[in-house]
1. Looking at the chain as a GNM with Cα springs under 10 Å, which of 14, 81, 96 has the largest mean-square fluctuation?
2. Taking every DSSP beta bridge that has both residues in the chain, what percent is antiparallel when rounded to the nearest 5?
3. Choose one answer from 78, 89, 28: the residue with the largest mean-square fluctuation in a GNM of the chain with alpha-carbon springs under 10 Å.
4. Per residue of the chain, what 222 nm ellipticity follows from adding -39500 (n - 2.57) for every DSSP H run with n ≥ 4, rounded to the nearest 500?
5. Could you work out how much longer the chain between residue 36 and residue 12 gets when fully extended? Use 0.36 nm per residue separation minus the Cα distance between them, nm to one decimal.
6. Give me the angle, in degrees from 0 to 90, between the Cα long axis of helix 66-78 and the longest principal axis of the Cα atoms of the chain, rounded to the nearest 10.
7. Need one number: nm distance between label points at residue 89 and residue 44, each 7 Å from Cα along Cα→Cβ, rounded to one decimal.
8. At a 1.4 Å probe radius, carbon and sulfur cover how many percent of the accessible area of the chain?
Amino acid sequence: MLEVADLDTAVNFYSQILGLPLTSRSDERAWLMAGARTRIGLWKPQVGIAGGRGGAHVHYAMQIAEDDYDAAVAHLREQGYKPHEEDFEENGRAAYVTDPDGNVVELWTWPGPA
């Protein structure tokens, strides 16, 4: 979960800029899919089930196919973002972009350990 200051702005970034499918939305939170079985929750500051809170100012990575990487970085640039890029050689390439709430989103081509 990510705590967000403005839910509309956050939903726009994750759904329109990053292209994640929005699966549900209420006045207090939104859920988006990040791959086939992972979801990201965007929450206005609140306490959830079992005392859970969303994170603020975090850095996390999402895997992106090598074939999709260049187009994703170009799209970010077209939308006015300036992604920071790293080439980790055998561990793939990564682009880092900051969301409207200061969270660092990493798009990384490394598929993970075998």
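The values are calculated or read from the model by the stated rules, or taken from the named source; none is laboratory data. Keep in mind the model is a prediction, meaning the values are calculated, not measured. As a convention, Cβ positions derive from the backbone with ideal geometry for all residues, glycine included, and neighbour counts pool all protein chains shown. Accessible surface areas use protein heavy atoms only, side chains included; no ligands, DNA or RNA. Shrake-Rupley method; radii C 1.70, N 1.55, O 1.52, S 1.80 Å.
1. Evaluated over the chain, the most mobile residue of the options is 81.
2. Working: 17 of 25 bridges.
Given both bridge residues lie in the chain, the antiparallel proportion sits at roughly 70 percent.
3. Greatest mean-square fluctuation among the candidates belongs to 89.
4. Values: 2 runs with 19 residues, N = 114.
Only helices count here, giving -5000 deg cm²/dmol.
5. Here the segment from residue 36 to residue 12 would lengthen by 6.6 nm.
6. 60
7. The two pseudo-label positions are separated by 5.0 nm.
8. Ligands and nucleic acids excluded, carbon and sulfur reach 50 percent.
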